[in-house]
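Following: one structure in structure tokens, then a few remarks.
Read the figures in this text as sums done on the coordinates, not as results from a lab. Bear in mind that the values here come from a model prediction, so they are computed numbers and not experimental data. Positions of Cβ are generated from backbone atoms using ideal geometry, with glycine treated the same way; all protein chains shown enter the neighbour counts.
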């Protein structure tokens, strides 16, 4: 475990970038951040745990939405400052807007166009918690 | 163009994270950064241009290696602080180590294990420039 953690080059805020990719479809689902504790929890469990910069605390992905990410593989890049997680996305929804991927806007004719549908109304996802 | 640029939430250093993904294989190739100028050049051309934090200047991907990235699609995430580029990776090598992807190390039995081969010796890639 320590060998895994020590190889990471944490940024000035003590974070490393973590890209979640759907293991089935290959879609890039989201880019989030991990601190040391989040990576330790992710490595020692089978679910993705991030660090929420906006909330300033650990973020167990799916803690509110139920849209957890089951871990298949973790990779580290050459610089040690970015991680890829291959995951099964529960509910098929990674984004808080209710879409599969956070990357749902595509550059087209000089504007960002929404390129994928809302799979579930966010009010229905978060409203009951 | 301005509408595209203005939707981006630049970080404190004026940068946005950019994930390059191989359009054919779906492999995540690298995570790099763009400043405003790099994104403008990327959007107005058909090749990925990044900002090198270590060199403190624009980085036309492939300028030394020849391993340019031909652009197919650009996506922006829900927060506006990360971009995905779908690219054709010239030479099939994105990493300066001569591998297809920078994410060539996999967490396995408590260590990062090299999980993909060098396709071309870096000395051969960079030695002649």
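Highest average first, the peptides B:94-102, A:39-47 ordered by how many other beta carbon atoms sit within 10 Å of their residues are B:94-102, A:39-47. Peptide B:12-24 is shielded by partner chain Cβ atoms: per residue, an average of 2 of them sit within 10 Å of its Cβ. Within segment A:2-91, all pairs of alpha-carbon atoms sorted by distance into 5 Å bins from zero give the percentages 3, 15, 28, 28, 17, 8, 2.
Along its three principal directions, the equivalent ellipsoid of the protein assembly as shown from the Cα gyration tensor extends over semi-axes of 28, 24, 16 Å, largest first. So what is the relative contact order for chain B, in percent, with contacts set as C-alpha pairs under 8 Å and at least six apart? Value for chain B: 21 percent. Each peptide in B:78-85, B:108-115 receives the mean, over its residues, of other Cβ atoms within 10 Å, and ordering these scores from highest gives B:78-85, B:108-115.
Shielding by partners for peptide A:66-77, expressed as the average number of C-beta atoms from other protein chains within 10 Å of each residue's C-beta, is 3.
Once you reduce segment B:48-81 and segment B:86-123 to the center of their Cα atoms, the two points are 17 Å from each other.
Relative to the other identical copies, residue B:14 shows label-point distances of 3.0 nm, where the label point lies 7 Å from Cα along the Cβ direction and values run shortest first.
Across the identical copies, the 7 Å label point of residue A:90, projected outward along Cα→Cβ, sits 4.5 nm from its counterparts, in ascending order. Taking the axis that rotates chain B onto chain A, the chain B residue nearest to it by Cβ, with the distance rounded to whole Å, is B:26, 2.
Can you bin segment B:67-129 into rounded, prolate or oblate? Criterion: square roots of the alpha carbon gyration tensor eigenvalues sorted a ≥ b ≥ c, rounded for a/c under 1.5, prolate for a/b above b/c, oblate for the rest. Oblate, because a/c is 1.5 or more while a/b does not exceed b/c.
For residue A:108, inter-copy separations between label points set 7 Å beyond Cα along the Cβ vector come to 4.1 nm, shortest first. With a 10 Å cut-off around each Cβ of B:25-34, the average count of Cβ atoms from other chains is 4. Comparing segment B:31-70 with the 2.2 N^0.38 Å rule of thumb, its C-alpha radius of gyration ratio is 1.04 (two decimals).
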